[in-house]
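Report on the structure given below.
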Amino acid sequence: EDQVTQSPEALRLQEGESSSLNCSYTVSGLRGLFWYRQDPGKGPEFLFTLYSAGEEKEKERLKATLTKKESFLHITAPKPEDSATYLCAVQITTGANSKLTFGKGITLSVRP
Amino acid sequence: DTGVSQDPRHKITKRGQNVTFRCDPISEHNRLYWYRQTLGQGPEFLTYFQNEAQLEKSRLLSDRFSAERPKGSFSTLEIQRTEQGDSAMYLCASSFYSIEQFFGPGTRLTVL
């Protein structure tokens, strides 16, 4: 069964304190790995898609990387507005269904 | 705004009542997905459509749940005889084939 595990469950950072969020996955065949940001009471907001090991993508203070077993979301010099839940999801190659299987998310709090 | 929209945003109902939610996807997207999210969890796949065809349903989707996408545009999700365990955020997402999924704001269902 496809599994996605995110760690830590929660992370508290001081403004400017860089860190990384981890997403480990076990799937039969990876089509893509997705990162989303979710604010309380809202739907997930798309951040990145990674398709192959070694791929990296950046957006402002965020950088996502992918290996054959895990993905990292690096946050450089975070600001309080980066506080949110970050969700990782995988899409598998089997069949035509392009559903996403999500982890539980990592709740990030950035203190000013 | 050309994003995914959902209506209503909040629904409070009594146990045993029927409820219906609507999702309007991004206009050029041919795939539409329904997910359910409970507190502290990532979204869980319920069902998806390609155009008007419902191609897969999760085993989470009991026979009290039904979804339609009659003309390949908007979709509705109906829950009959609601139970307290149905309380959750119901999320709709759309994509062009298996490329990135974009989520709507969700419908928060509370069953009393």
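The values are calculated or read from the model by the stated rules, or taken from the named source; none is laboratory data. Computed from a predicted structure; not experimentally measured. Glycine also receives a Cβ, built like all others from the backbone with ideal geometry; neighbour counts cover every protein chain displayed.
Structure values in brief
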item: First in region A:38-67 and facing chain B (nearest Cβ under 9 Å) and in contact (Cβ under 8 Å) with a residue 12 or more places away in the chain, second anywhere and small (Gly, Ala, Ser) and not in a strand (DSSP E or B), Cβ under 8 Å, 6 or more apart; result: A:38/A:105
item: Top-ranked residue of region A:74-112 - restricted to ones that are within 14 Å of chain B (Cβ to nearest Cβ), in contact with a strand residue (DSSP E or B) (Cβ under 8 Å, 6 or more places away or on another chain) and of a type in the set (Ser, Thr, Tyr), ranked as farthest from residue B:96 (Cα to Cα); result: A:107
item: Any hit, region A:65-77, residues being of a type in the set (Asp, Glu), closer than 19 Å to residue A:9 by Cα and in contact with a Ser or Thr (Cβ under 9 Å, 6 or more places away or on another chain); result: yes
item: Region B:41-55: number of residues that are crowded, with 18+ Cβ neighbours inside 10 Å and free of Cβ contacts under 8 Å to residues at least 12 places away in the same chain; result: 1
item: Sole exception among (1) closer than 20 Å to residue B:5 by Cβ; (2) assigned to a loop (DSSP other than H, G, I, E, B) for residue B:98, by number; result: (1)
item: Odd one out for residue A:52 among (1) surrounded by fewer than 16 Cβ atoms within 10 Å (Cβ to Cβ); (2) more than 20 Å from residue A:2 (Cβ to Cβ); (3) touching a strand residue (DSSP E or B) at 6+ places or on another chain (Cβ under 8 Å); result: (2)
item: Long-range neighbours under 7 Å by Cβ, at least six apart or interchain, first residue within 14 Å of chain A (Cβ to nearest Cβ) and closer than 10 Å to residue A:43 by Cβ within region B:1-15, second assigned to a loop (DSSP other than H, G, I, E, B) and of a type outside the set (Gly, Ala, Ser); result: B:3/B:26; B:4/B:25; B:4/B:26; B:6/B:105
item: Any hit, region B:13-33, residues being more than 11 Å from residue B:91 (Cα to Cα) and aromatic (Phe, Trp, Tyr); result: no
item: Residue count, region A:9-30 (criterion: at pLDDT below 95, part of a loop (DSSP other than H, G, I, E, B) and within 16 Å of residue A:71 (Cα to Cα)); result: 2
item: Residue match in region A:75-89 (condition: modelled with pLDDT under 95 and either over 25 Å from residue B:6 (Cα atoms) or touching a Gly at 6+ places or on another chain (Cβ under 7 Å) (or both)); result: no
item: Answer residue from region B:25-48, given it is within 13 Å of chain A (Cβ to nearest Cβ) and of a type in the set (D, E, K, R) and is farthest from the chain's Cα centre (by Cα) among those; result: B:31
item: Number of positions in region A:56-99 that are assigned to a loop (DSSP other than H, G, I, E, B) and not aliphatic (A, V, I, L, M); result: 15
item: Test: residue in region B:58-68 that is more than 13 Å from every other protein chain (Cβ to nearest Cβ), in contact with a Leu (Cβ under 8 Å, 6 or more places away or on another chain) and in a loop (DSSP other than H, G, I, E, B); result: no
item: Residue tally, condition farther than 15 Å from residue A:74 by Cβ, polar (S, T, N, Q) and surrounded by fewer than 14 Cβ atoms within 10 Å (Cβ to Cβ), over region A:1-34; result: 5
item: Of residues in region B:69-92 being away from chain A (no Cβ under 14 Å) and touching a residue at least 60 places away in the same chain (Cβ under 8 Å), the one nearest to residue B:39 (Cα to Cα); result: B:84
